[in-house]
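Notes follow the structure.
The values are calculated or read from the model by the stated rules, or taken from the named source; none is laboratory data. Keep in mind the model is a prediction, meaning the values are calculated, not measured. Using ideal geometry, Cβ is built from the backbone for each residue, glycine included, and neighbour counts are taken over all protein chains shown.
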């Protein structure tokens, strides 16, 4: 099958949220949604998510799944808001428990924070499948950027999260806790083993130098031939050396502190304190 794919680009976080539609019906899935967040004021907004809600409503679609490719460090998930408005089940990789354990310690979370993935409706393992209407999707565990990263293969389309970027931009960083450039290389080889015509949809685009427009769709064939980090048969050792050297020069994402605390909770804010308000922690020298 070849699903209809509609991308919604958020310029503030350079994130693409996808609505993926079963070509034989009216069911759909949303992948990697965005909740607007102003760090200076601590205020949230649903502008980006509302565009997705409006599209689904206008098309008369039924939302079956809200899918996360991983626990994002650069934007907050709008999954709870979408679920409240449209229904659907929320899914992520089963290694979320490892991420929750790691960052539960980083943020000194108490016992009220469950580290068993129970905040999500479905924890996917490598090789699992799901249905979006009449369309079957398959799940690939593709760690490296984080331990819990997934690629969703839905018909002839693969949603790779932060594993690959557009060919002229390369690949994602691997220096977060639990990340691994060696695992990233192996995960990318699994993706590149899909048929060459498979459409690749990336989670972010930063418009590589010399390119005029943002873009988020390529193919397996194009990635194999042209990806500046792993294309043309680049050896694993060369990739690992390049990736680790590059990662050592990168700053932390601007929204990593709020994003991790919210996204490891499936998009929910931390539990309110005695005054009824939720608070986010900033671990000094913790990342």
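Structure data summary
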read-out	value
Residues satisfying the stated conditions in the stretch 95-126, i.e. in a loop (DSSP other than H, G, I, E, B) and over 18 Å from the mean Cα position of the chain (by Cα)	107, 108, 109, 110, 111, 112, 113, 114, 115, 116, 118
Any hit, the stretch 20-38, residues being under 19 Å from residue 217 (Cβ atoms), in contact with a helix residue (DSSP H, G or I) (Cβ under 7 Å, 6 or more places away or on another chain) and either at pLDDT below 95 or assigned to a strand (DSSP E or B) (or both)	yes
Per-region count, the stretch 165-199, residues touching a helix residue (DSSP H, G or I) at 6+ places or on another chain (Cβ under 6 Å) and either at pLDDT 95 or above or not in a loop (DSSP other than H, G, I, E, B) (or both)	11
Matching helices (runs of 4 or more DSSP H) fully within the stretch 209-276 where at least 2 residues are at pLDDT 95 or above and over 30 Å from residue 118 (Cα atoms)	220-226, 236-247
Positions within the stretch 127-143 being in a strand (DSSP E or B) and out of contact with any strand residue (DSSP E or B) (no Cβ under 7 Å at 6 or more places or on another chain), in sequence order	131
Among the residues listed as 200, 191, the single one being within 20 Å of residue 147 (Cβ to Cβ), surrounded by 15 or more Cβ atoms within 10 Å (Cβ to Cβ) and in contact with a strand residue (DSSP E or B) (Cβ under 7 Å, 6 or more places away or on another chain)	191
Qualifying residue in the stretch 117-136 (condition: more than 24 Å from residue 182 (Cβ to Cβ) and surrounded by 22 or more Cβ atoms within 10 Å (Cβ to Cβ))	yes
Among (1) free of Cβ contacts under 8 Å to residues at least 60 places away in the same chain; (2) in contact with a strand residue (DSSP E or B) (Cβ under 6 Å, 6 or more places away or on another chain); (3) over 24 Å from residue 2 (Cα atoms); (4) outside any helix (DSSP H, G or I), the one test that residue 82 misses	(4)
